[in-house]
Amino acid sequence: MNELLSADLAILLIEPSATQRKIIAKELQEEGISNIDFADSLESAKTMLATSIPDLVISSMYFSDGTAQELQAYINTELSEHGVPFMLVSSETRKAELEIFKQSGVIAILPKPFNKVHLGRAINATLDILAPQELELDLYDVHDLRILIVDDSRLARNHIRRVLTNLGAQRFCEAEDGAHALKILQEHMFDLIVTDYNMPSVNGQELTETIRNSDEHAHIPVLMVTSEANDTHLANIAQSGVNAMCDKPFEPDTVKKLIYQLLDQD
């Protein structure tokens, strides 16, 4: 159990619609969350963030004076030392627009309207980030795990690293794409590789296929992180030799279970 409870969370909700603010606030209150501050624009959100740092930012996609992308960029630059989790709530369905957030390390993307399951998972992911529990393995010491993180997004690498650090991992190496990862693998050994799928030069599927054809590295478990939703595409990725796949956003509890399955099997 997390020592931090949902009732302990302080949330900043940025939503231009008064009606939507009331709806979302009601859903949060039903989850036991009552410490909620509100903003209705990019500028008002920045003003509030300058005076008080919340445990979680929940944001709509569009405001009269900007977008959630601008807000997240502000948080990632001006408030980077605080590592504030960011949740997007939007009726946006265009893949390209949502992909920007999936690649940026958001804690969750919720549709409008969302249900209690969506919100509950997002709140649990926030608690896992803020009050982590170390992963206990029988066959490995989690502190000694050698992990290679491969993603062309620096923000995504940061988020993946934070989640894994919260599980107790300490030894990391990072690659900005598959080609870079292959160069690193020429000189280093790893116990686990966590890789994105969509990358320039050498993508995650090509990287995995190369690893599986390598005498030296073929045994290394590969966890693929992907925002792909097409079943046929996912089947093709699975055939490349990945050991497990998980969605972006990178949910801590899901990752914890997958790593346990990958590394603690006789």
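The values are calculated or read from the model by the stated rules, or taken from the named source; none is laboratory data. None of these values were measured; they are calculated from a predicted model. Positions of Cβ are backbone-derived with ideal geometry, glycine not excepted, and every protein chain shown enters the neighbour counts.
Return the residues of segment 153-177 that are out of contact with any Pro (no Cβ under 6 Å at 6 or more places or on another chain) and not in a helix (DSSP H, G or I); say none if nothing qualifies. Those that are out of contact with any Pro (no Cβ under 6 Å at 6 or more places or on another chain) and not in a helix (DSSP H, G or I): S153, L167, G168, A169, Q170, R171, F172, C173, E174, A175, E176. Inside segment 34-63, residues that are farther than 18 Å from I24 by Cβ and not hydrophobic (A, V, I, L, M, F, W, C) make up a count of 5.
Looking only at segment 85-111, how many residues end up being in a loop (DSSP other than H, G, I, E, B) and either touching a residue at least 40 places away in the same chain (Cβ under 8 Å) or of a type in the set (S, T, N, Q) (or both)? Talk me through it step by step, then tell me what you get.
Residues of segment 85-111 in a loop (DSSP other than H, G, I, E, B): 85, 91-94, 103-107.
Next, only the ones that are either touching a residue at least 40 places away in the same chain (Cβ under 8 Å) or of a type in the set (S, T, N, Q) (or both) stay: 85, 91, 93, 103-107.
The qualifying residues number 8.
Here R121, R94 are screened, and the one residue that is surrounded by fewer than 22 Cβ atoms within 10 Å (Cβ to Cβ), more than 19 Å from E30 (Cβ to Cβ) and basic (K, R) is R94. When M87 is tested against (1) over 27 Å from I149 (Cβ atoms); (2) in contact with a helix residue (DSSP H, G or I) (Cβ under 6 Å, 6 or more places away or on another chain), exactly one condition is not met: (1). Screening the candidates R154, R171 for the property of being surrounded by fewer than 18 Cβ atoms within 10 Å (Cβ to Cβ) and modelled with pLDDT under 95 yields one hit, R154.
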